[in-house]
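Here's the structure, in structure tokens; my notes come after.
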Amino acid sequence: MARDNAHHYDITSLQNPQVKEDRRLRDRRHRDRSGLMSIEGFAEFRLAWAAGIEIRRLYLCPDFLKPEERSLVDDLRSAGVPLVSVAPGIMEKLSYRDHPDGWFCVASQPGQRLTDFPEPGGRGLYLVAEDLEKPGNLGAILRSADAAGAAGVIVSDGRTDLSNPNVVRASKGVNFSVPCAAASNEEAANWLSARSIPVAIADPAGEDDLWTIDLPNPLAVVLGAEHEGISGFWRERADIRINIPMEGRVNSINVAQAATIIMYEIMRRRRTG
């Protein structure tokens, strides 16, 4: 622990009450009650900061900071962001990662309501992720939505919330740059219907081959839960049932892979057509 003596730390005790309180943000009930979330990692924090997320406090471990990150620390200090210097053991206690990079912040949750969602303006691809259970899948969908230029992602009836720290981690923070909203299935369907946006569902038994089916613009693509698939609610409202061709004997494409394939096929058509 000799390295601890090289820096001044504001917090060195693992029993610090604020650290204990902020660790509770791993629990969704605490996030929902407090309206707060945690953001870990330099890349993730930088996107949140650029998006104007309200930062309540930023824990920094000087031992773990890279030289190229220190200029942002100076900017944050000048902007009046509450910075808390912590010893390595504190950062490791706060962190969800095996090897933390020295950045962990507590922030206000962004609104992420449909009332703030971008209008399609005649074009745009929307993803509706219904009742996803695994944060990694939702995070991967968000990253693909960012890469494919999707207009937005709606998390409907979600077991996994957008403020889940593992969603932030898996998305690399693009949930702060891609328009996102949380809503009920009914709210999402009404929002799409009011804007005359057709609904497509990803369905292995669907009759519409992804490579040949006409895909209108704008379009909403609904993806279902990992085990249960798309609910009857969306099946009753589907205008298009997209089948991703597979030559294997089992359904080998998970929900995040399906989302990526569909989004990139749509992006390819828009670029070439």
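The values are calculated or read from the model by the stated rules, or taken from the named source; none is laboratory data. Note that the structure is a prediction, hence the values are computed from the model and not measured. Here Cβ is always computed from backbone atoms with ideal geometry, including for glycine, and neighbour counts include all displayed protein chains. Only protein heavy atoms, including side chains, enter the accessible area calculation; ligands, DNA and RNA are left aside. Shrake-Rupley method; radii C 1.70, N 1.55, O 1.52, S 1.80 Å.
Right, Asp63: open to solvent by less than 90 Å² (accessible area, probe 1.4 Å), in contact with a Pro (Cβ under 6 Å, 6 or more places away or on another chain) and in contact (Cβ under 8 Å) with a residue 40 or more places away in the chain or not? Yes. Just one of Ala87, Ala107, Ala129 is touching a residue at least 60 places away in the same chain (Cβ under 8 Å), surrounded by 20 or more Cβ atoms within 10 Å (Cβ to Cβ), under 30 Å from His227 (Cβ atoms) and of a type in the set (Gly, Ala, Ser); which is it? None of the other options fit; the residue is Ala129. Checked against the criterion of being within 19 Å of Val174 (Cα to Cα) and not aliphatic (A, V, I, L, M), the range 50-62 contains one or more residues that satisfy it. Comparison of Arg77, Arg23, Arg70 shows that the only residue that is within 20 Å of the chain's Cα centre (by Cα), open to solvent by 80 Å² or more (accessible area, probe 1.4 Å) and farther than 20 Å from Val174 by Cα is Arg23.
So that you can scan it fast, the table gives a plain yes or no per residue for (1) under 25 Å from Pro135 (Cα atoms); (2) open to solvent by 30 Å² or more (accessible area, probe 1.4 Å); (3) touching a residue at least 60 places away in the same chain (Cβ under 8 Å); (4) in contact with an Asp or Glu (Cβ under 7 Å, 6 or more places away or on another chain):
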residue	(1), (2), (3), (4)
Ile197	no, no, yes, no
Ile201	yes, no, no, no
Ala205	no, yes, no, no
Gly224	yes, no, yes, yes
Trp234	yes, no, yes, yes
Asn243	yes, yes, no, yes
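Residue by residue, here is whether (1) at pLDDT below 90; (2) within 19 Å of Tyr264 (Cβ to Cβ) holds:
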residue: Asp161; (1), (2): no, no
residue: Gly173; (1), (2): no, no
residue: Ser193; (1), (2): no, no
residue: Pro204; (1), (2): yes, yes
residue: Leu210; (1), (2): no, yes
residue: Leu219; (1), (2): no, yes
residue: Gly229; (1), (2): yes, no
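Considering only residues in the range 133-154 that are open to solvent by 10 Å² or more (accessible area, probe 1.4 Å) and within 23 Å of Arg29 (Cα to Cα), the one that is farthest from the chain's Cα centre (by Cα) turns out to be Glu133.
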